[in-house]
Amino acid sequence: MSDPVPRICPTDPSTQALAVRGLTKEYGGHPVVDTLNLDIPRGAIYGIVGPNGAGKTTMLSMATGLLRPTRGTAWIAGHNVWEEPGPAKRAMGLLVDGLPVFDRLSGLELLTYVGALRGIEGSVVKQRTGELLDALGLSDAGPKRIVDYSAGMTKKILLAQALLHNPEVLVLDEPLEAVDPVSAQLIQQILRNFAAAGGTVVLSSHVMTLVEGLCDHVAIINEGRVTVFGHVDEVRSGRTLNDVFIDVVGGGSLAEGSLGWLGGGTDD
């Protein structure tokens with residue numbers, strides 16, 4: 001297992017798929033992300049995990065140019081995110097909850113629009129759109145407005161949007177949340193194929209079994225810092241990732257007698 005509190009990464013950040021150095025975000029003088037360093041190698045499926053409020057989504061938002069850091073620097077596919085935003089954004093596909101969605105468009109219209117914004121030739125957009133909708137089980141839903149999609153269908157069309165331009169780096173925040181098991185299996189296969197072809201997947205999730213089964217590398221973030229990182233097998237060291245996670249971030253327990261009034265419906 002790697003140094004539990006990595007303060008300095010020795011590699012050249014421009015050689016990594018995603019790299020951050022000294023990344024910090026403060027609110028009212030309180031650091032939500034605290035001098036965070038991380039290297040994500042090209043071709044990896046890299047899991048980012050941490051408890052609620054640990055700073056992982058804030059870190060990814062800064063690393064992808066959605067949120068300006070208080071201090072620190074980030075690179076995507078060798079491009080400084082804040083000095084070269086155009087090339088950095090062209091190199092990545094992004095699925096993050098909370099971003100605006102043009103949900104009055106149909107799924108087909110959204111992908112066509114995004115393809116045009118990306119400068120992709122119309123015939124290529126049409127081909128890729130059809131393949132993505134079919135692969136994600138959205139062919140019948142393509143003509144429907146996204147506002148009428150279920151949560152799982154919306155997640156899948158946003159994944160299609162992130163994949164459309166064949167990015168070098170795919171950054172996904174909880175990509176399988178609300179997705180049915182059949183679709184989840186298909187998405188995992190798509191991500192494995194993407195990485196096998198040379199792409200990089202950076203995946204944030206609370207589901208340890210997903211990270212353990214899909215990712216080859218993992219970083220645990222707690223209190224705004226990377227606490228443990230490395231190859232999944234090294235981090236696990238023969239245990240489950242869930243057990244390691246609880247050891248690192250600390251487990252909670254219910255105080256004896258707490259909520260003892262629950263059950264039975266005896267209040268009158």
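The values are calculated or read from the model by the stated rules, or taken from the named source; none is laboratory data. These numbers were taken from a predicted model, which means no experiment stands behind them. Methodologically, a virtual Cβ is constructed for each residue, glycine included, from the backbone with ideal geometry; neighbour enumeration extends over all protein chains shown. Quick note on the areas: whole protein, heavy atoms, side chains included, nothing else; ligands and nucleic acids left out. Shrake-Rupley method; radii C 1.70, N 1.55, O 1.52, S 1.80 Å.
Out of all the residues in the range 176-188, is one or more open to solvent by less than 10 Å² (accessible area, probe 1.4 Å) and either within 17 Å of Ala17 (Cβ to Cβ) or without any contact (Cβ under 8 Å) to a residue 40 or more places away in the chain (or both)?
Checked the range 176-188: no residue is open to solvent by less than 10 Å² (accessible area, probe 1.4 Å) and either within 17 Å of Ala17 (Cβ to Cβ) or without any contact (Cβ under 8 Å) to a residue 40 or more places away in the chain (or both).
Check off (1) within 23 Å of Gly53 (Cα to Cα); (2) touching a residue at least 40 places away in the same chain (Cβ under 8 Å); (3) in a helix (DSSP H, G or I) for Ala219 and give me the number that stays unchecked.
Here Ala219 clears every test but (3).
Of the residues Val226, Val235, Val218, which is surrounded by 20 or more Cβ atoms within 10 Å (Cβ to Cβ), more than 17 Å from the chain's Cα centre (by Cα) and closer than 24 Å to Ala19 by Cα? Talk me through it step by step, then tell me what you get.
Working: Val226 fails: more than 17 Å from the chain's Cα centre (by Cα); Val218 fails: more than 17 Å from the chain's Cα centre (by Cα).
Answer to the selection: Val235.
Per-residue answers, yes or no, for (1) at pLDDT 95 or above; (2) open to solvent by 70 Å² or more (accessible area, probe 1.4 Å):
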position	(1), (2)
Leu105	yes, no
Glu109	yes, yes
Val114	yes, no
Glu121	yes, yes
Gln127	yes, yes
Leu132	yes, no
Gly137	no, no
Gly142	no, no
Arg145	yes, yes
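Let me confirm something: among Arg71, Arg90, Arg21, Arg104, which residue is of a type in the set (Lys, Arg) and closer than 26 Å to Gln188 by Cα?
Values: Arg71 fails: closer than 26 Å to Gln188 by Cα; Arg21 fails: closer than 26 Å to Gln188 by Cα; Arg104 fails: closer than 26 Å to Gln188 by Cα.
Arg90 is the lone residue from the list that is of a type in the set (Lys, Arg) and closer than 26 Å to Gln188 by Cα.
Among the candidates His206, His231, His217, which residue alone is of a type outside the set (A, V, I, L, M, F, W, C) and in contact with a Phe, Trp or Tyr (Cβ under 6 Å, 6 or more places away or on another chain)? Quick ask: steps written out before the conclusion?
On the way: His206 fails: in contact with a Phe, Trp or Tyr (Cβ under 6 Å, 6 or more places away or on another chain); His231 fails: in contact with a Phe, Trp or Tyr (Cβ under 6 Å, 6 or more places away or on another chain).
Checking each option against the conditions leaves just His217.
If I ask for residues that are of a type outside the set (D, E, K, R) and open to solvent by 10 Å² or more (accessible area, probe 1.4 Å), which ones from the range 8-17 would you list? Outline the logic, then answer.
First, pick out the residues of the range 8-17 that are of a type outside the set (D, E, K, R): 8-11, 13-17.
Scanning the range 8-17 gives Ile8, Cys9, Pro10, Thr11, Pro13, Ser14, Thr15, Gln16.
Within the range 83-98, track down each residue that is touching a residue at least 12 places away in the same chain (Cβ under 8 Å) and either exposed (fewer than 14 other Cβ atoms within 10 Å of the Cβ) or touching a strand residue (DSSP E or B) at 6+ places or on another chain (Cβ under 7 Å) (or both).
Initially, the range 83-98 is screened for residues touching a residue at least 12 places away in the same chain (Cβ under 8 Å), giving 85, 88-97.
Residues satisfying the conditions are Pro85, Ala88, Ala91, Met92, Gly93, Leu94, Leu95, Val96, Asp97.
Of all residues in the range 60-76, which are touching an Asp or Glu at 6+ places or on another chain (Cβ under 7 Å) and either part of a helix (DSSP H, G or I) or crowded, with 21+ Cβ neighbours inside 10 Å (or both)? First the steps, then the outcome.
The first filter runs over the range 60-76 and keeps only residues touching an Asp or Glu at 6+ places or on another chain (Cβ under 7 Å), leaving 60, 70.
Correct list: Leu60 only.
List pairs: first in the range 122-140 and under 12 Å from Ile157 (Cα atoms), second outside any helix (DSSP H, G or I) and hydroxyl-bearing (Ser, Thr, Tyr), Cβ under 7 Å, 6+ apart or cross-chain?
Going by the 7 Å Cβ cut-off, the qualifying pairs are Leu133/Ser139.
Give me the strands (runs of 3 or more DSSP E) completely within the range 6-53, filtered to those with at least 2 residues that are modelled with pLDDT of 95 or more, within 20 Å of Val235 (Cα to Cα) and among the aromatic types (Phe, Trp, Tyr), ordered by residue number.
Because the criterion is at least 2 residues that are modelled with pLDDT of 95 or more, within 20 Å of Val235 (Cα to Cα) and among the aromatic types (Phe, Trp, Tyr), no strands (runs of 3 or more DSSP E) in the range 6-53 meet it.
Condition (residue is open to solvent by less than 20 Å² (accessible area, probe 1.4 Å), among the polar types (S, T, N, Q) and out of contact with any helix residue (DSSP H, G or I) (no Cβ under 7 Å at 6 or more places or on another chain)) applied to the range 197-207: is it met by at least one residue? First the steps, then the outcome.
Filtering the range 197-207 for residues open to solvent by less than 20 Å² (accessible area, probe 1.4 Å) gives 199-205.
Applying the additional criterion that residues be among the polar types (S, T, N, Q) yields 200, 204-205.
From the residues that got through so far, the ones that are out of contact with any helix residue (DSSP H, G or I) (no Cβ under 7 Å at 6 or more places or on another chain) too are 200.
Yes, the range 197-207 contains at least one residue that is open to solvent by less than 20 Å² (accessible area, probe 1.4 Å), among the polar types (S, T, N, Q) and out of contact with any helix residue (DSSP H, G or I) (no Cβ under 7 Å at 6 or more places or on another chain).
Residues that are within 30 Å of Gly22 (Cα to Cα), open to solvent by 50 Å² or more (accessible area, probe 1.4 Å) and within 22 Å of the chain's Cα centre (by Cα): does the range 152-175 have at least one?
yes
Filter the range 18-57 down to residues that are open to solvent by 30 Å² or more (accessible area, probe 1.4 Å) and among the polar types (S, T, N, Q) and give me whichever is nearest to Val201 (Cα to Cα).
By that ranking, first place goes to Thr57.
In this structure, is Thr240 loosely packed, with under 14 Cβ neighbours inside 10 Å and either more than 16 Å from Ala54 (Cα to Cα) or without any contact (Cβ under 8 Å) to a residue 12 or more places away in the chain (or both)?
Numbers: loosely packed, with under 14 Cβ neighbours inside 10 Å: yes; either more than 16 Å from Ala54 (Cα to Cα) or without any contact (Cβ under 8 Å) to a residue 12 or more places away in the chain (or both): yes.
It is true that Thr240 is loosely packed, with under 14 Cβ neighbours inside 10 Å and either more than 16 Å from Ala54 (Cα to Cα) or without any contact (Cβ under 8 Å) to a residue 12 or more places away in the chain (or both).
I'd like to check something: does the range 249-260 contain any residue that is touching a residue at least 60 places away in the same chain (Cβ under 8 Å) and part of a helix (DSSP H, G or I)?
Yes - at least one qualifying residue is present in the range 249-260.
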